[in-house]
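Shown next, in structure tokens, is the structure this report addresses.
The values are calculated or read from the model by the stated rules, or taken from the named source; none is laboratory data. On a predicted model such as this, the values are computed, not experimentally measured, just so you know. Cβ: placed from backbone, ideal geometry, glycine included. Neighbour counts: every protein chain shown. Keep in mind that these areas ignore ligands, DNA and RNA; they rest on the heavy atoms of the full protein, side chains included. Shrake-Rupley method; radii C 1.70, N 1.55, O 1.52, S 1.80 Å.
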Amino acid sequence: MSISRRDFLKLCGASAVMLGVGAKFAPPALAPRSAKVPISPKAGAGVLIDTTRCIGCKSCQNACKVANNLPTDDRPVALSATTLTIVDFRNISTKPNQPEIKPVKRQCMHCAEPACVSVCPLGALYKKENGCVGYDENVCMGCRYCMWACPFGVPKYNWQSPNPKINKCAQNCMADGKRDKPACVQACPQQALVYGNRNELLTMAKERIAQNPSKYVNHVYGEKEVGGTSMLYLSGTPFEQLGFRTDLPDEPLPSLTWNAQEKVPGVFVGMLALLSGIAWWTRRGNSRRERFWHNGTQVK
Ligand code: SF4
Ligand code: SF4
Ligand code: SF4
């Protein structure tokens, strides 16, 4: 059976109609949980991480695991579904054979306007009033959209699970009633971590820089990146040397991401139509290829 260009255009047209039908008759978009909480980029709590004070003791990493009921007998080297805070040891030396190691605590940045929340089709991720970006694993379906959207590579997939989902710092990330500050902050023996109102932390960070300009890089990481984050960093080393992304825009990323809540049902129906068309086209192509190989002549 051959297909004319006209048939092919008809097929594309039919798929486009199905896409439209899907969008028209799709159920109302699921309301993202974040919509219930007025998100102000500058509101809420945060944590100031002064990397110049960090000694790499990993107390924050272990306290996070205990607070989240995660295994403490592993030796993690990166964030994972079972390690929601990691102390990353960076060699910042520019001289060969003379390493200079700098520890940096990493975790979810708790963005003011989180890209992960904007793409989650089920509202499993949501911004809380206290600044934390929460996560409900009972709602998550494991689609991993949030992993692709996060500019900091934070959500991690639990590949070991028979019902894999993502995980990230969420439940105990800010004061939660059980404690007056996050578990990691509480555990830090160096006061490298300070919990408080984000605006006040920003003022504190800028004061530290002003009082000791030779000690600090003149930048508070998280003040403006992707619209601001609840986690703010101070450093004595250029942030890119510590492995921070310095190519991010000041604008929140959700304005650049598609609204998955609105588009998924319609796209799903449309994609079914499109895939059916592609499957038909592929089967037809296979039969053409079989005839080509069997007969040794190209089918016209
Ligand atoms: S750092 Fe990533 S996972 Fe955390 S709130 Fe921002 S976008 Fe979401
Ligand atoms: S994998 Fe991420 S985007 Fe998908 S449902 Fe779970 S939290 Fe939402
Ligand atoms: S507990 Fe404090 S000093 Fe120890 S690794 Fe964490 S941030 Fe650094």
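Observations on the model:
- Accessible surface, 1.4 Å probe, highest first, among residues M109, M141, M204: M141, M204, M109
- When all protein chains stay in place and ligands, DNA and RNA are ignored, the 1.4 Å accessible-area order of H219, H110, largest first, is H219, H110.
- Multiplying the residue separation of T82 and W148 by 0.36 nm and removing their Cα-Cα distance gives an extension gain of 21.8 nm.
- Solvent-accessible area of R144, all protein chains in place: 70 Å² (probe radius 1.4 Å, heavy atoms, ligands and nucleic acids excluded).
- Karplus-derived 3J(HN,Hα), 6.51/-1.76/1.60, for each residue of segment 121-135, Hz, glycine and proline x: x, 10, x, 5, 10, 7, 8, 8, 4, 7, x, 6, 9, x, 8
- Taking a sphere under 10 Å around the Cβ of N158 and counting the other residues whose Cβ falls inside, with K and R at +1 and D and E at -1, yields a net charge of +1.
- Here, segment 33-256 yields an orientationally averaged convex hull projection of 12.8 nm² when only Cα atoms define the hull.
- In plain terms, the C-alpha convex hull of segment 71-139 casts an average shadow of 7.2 nm² when viewed from every direction.
- Residue pairs exceeding 25 angstrom between C-alpha atoms, taken from K105/K215; K127/K215; K95/K206; K65/K165: K127/K215; K95/K206.
- Y126, Y135, Y145, ranked by accessible area, largest first (probe 1.4 Å): Y145, Y126, Y135
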